[in-house]
Amino acid sequence: MTPILMLGAGRMGGAMLAGWRKAGAFAASDLMIRDPNPGQAAAQLGAEGAQLNPADADLARARTVVLAVKPQLWREAAAETVSWLSEDAVIVSVAAGVKSADISREFGGRPVARVMPTTAAAIGQGTASLYADDPAALSRARALFEPLGAVVDLADENLMHAATAVSGSAPAYLYAFIEALEAAGVTAGLKPKDAAGLARSTITGAAALLAEGGEEPSELRRQVTSPGGTTQAALDVLLTEPSLQTLLREAVAAAVRRSKELGA
Ligand SMILES: NC(=O)c1ccc[n+]([C@@H]2O[C@H](COP(=O)([O-])OP(=O)(O)OC[C@H]3O[C@@H](n4cnc5c(N)ncnc54)[C@H](OP(=O)(O)O)[C@@H]3O)[C@@H](O)[C@H]2O)c1
């Protein structure tokens, strides 16, 4: 499966490169990175032997091509590279919303796997939703993402929209929640530094407990909610319409709609 050619090493491509480097998943010499402005992870790997912005003729060495440019730029990236690639190169795309049939067409009919990853891949705690018609492309995608965290296979390409909304885009929902909790803490009288410290470490601790214990979130919620207590008072607000459930259902539906528009 190597050498791997990374097309685009921005936030997501850079996170994958950082995660592979941290995990020791691939030798730097097995990585080729194409990006007009390679970021820190690419530069580190470049110093360790990865090929940065290889010449066109060298692209024929790549066995796996990771498409990690913005969805608006993917056709341009494909057009620049397709004629140089080897016939047996496999394409793994992380571009939100872009269908595998369209990618395969622009890449000369080569097999394609689609992945919706998260940037926590940089620290080996990513989550990747995978889909491919072609079993070889699917196992190629799995080999790229297993060193970067959790991997979930999707049965149908259409589910990629839902996976994007519930996973790819979801770290931003959580960050927005933490920002809001911090602001509410300040309104309740805490110093900004204390509100930030309390909100952040409480949330990372609660997430770690969920990850470690194997208990359902609903059970963990019950364990910290005494009837008639302070937590119950706050939850009564969060669960009154428009409740957290309603807001998240609408947010996920909006992300699904946008994912479909990007792929149209
Ligand atoms: N960020 C996330 O959390 C996330 C999560 C899941 C999936 N994704 C997907 O990952 C893809 C990349 O997103 P991103 O957030 O990483 O975007 P980004 O930070 O803008 O990174 C894309 C990189 O590609 C470079 N680039 C542009 N045109 C290129 C070309 N023709 N050949 C090679 N490199 C080129 C860009 O350089 P310039 O800046 O100079 O244009 C940039 O460094 C998107 O398709 C997105 O849907 C992102």
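Where a number appears in this text, it was derived from the coordinates with a stated rule and is not lab data. What you see is a predicted model, and the numbers here were worked out from it, not measured in a lab. Note that we place each Cβ from the backbone using ideal geometry, even for glycine, and neighbour counts take in every protein chain shown.
With N as its number of residues, the chain has a Cα radius of gyration that, divided by 2.2 N^0.38 Å, comes to 1.15. Annotation: the residues 92, 166, 237, sorted from fewest to most other C-beta atoms within 10 Å of their own C-beta, follow the order 237, 166, 92. Between Rg and the Kirkwood Rh of region 14-167, both from Cα atoms, what is the Rg to Rh ratio? Over the Cα atoms of region 14-167, Rg/Rh equals 0.93. Between region 12-43 and region 226-264, the C-alpha centres lie 36 angstrom from each other. The ellipsoid equivalent to the alpha-carbon distribution of region 104-154 has semi-axes of 22, 10, 8 angstrom, derived from the gyration tensor eigenvalues as √(5λ) and listed largest first.
Listed by chain and number, the aspartates and glutamates whose C-alpha is less than 13 Å from the C-alpha of residue 191, apart from same-chain residues fewer than 8 away, are 182.
Using a cut-off of 21 Å between Cα atoms, the listed pairs 70/260; 70/99; 22/70 include 22/70 as exceeding that distance. Cβ-to-Cβ counts within 10 Å put 32, 116, 160 in ascending order as 32, 160, 116, the fewest first.
Legend: ranking of residues 91, 4 from fewest to most surrounding C-beta atoms inside 10 Å; resulting order 4, 91.
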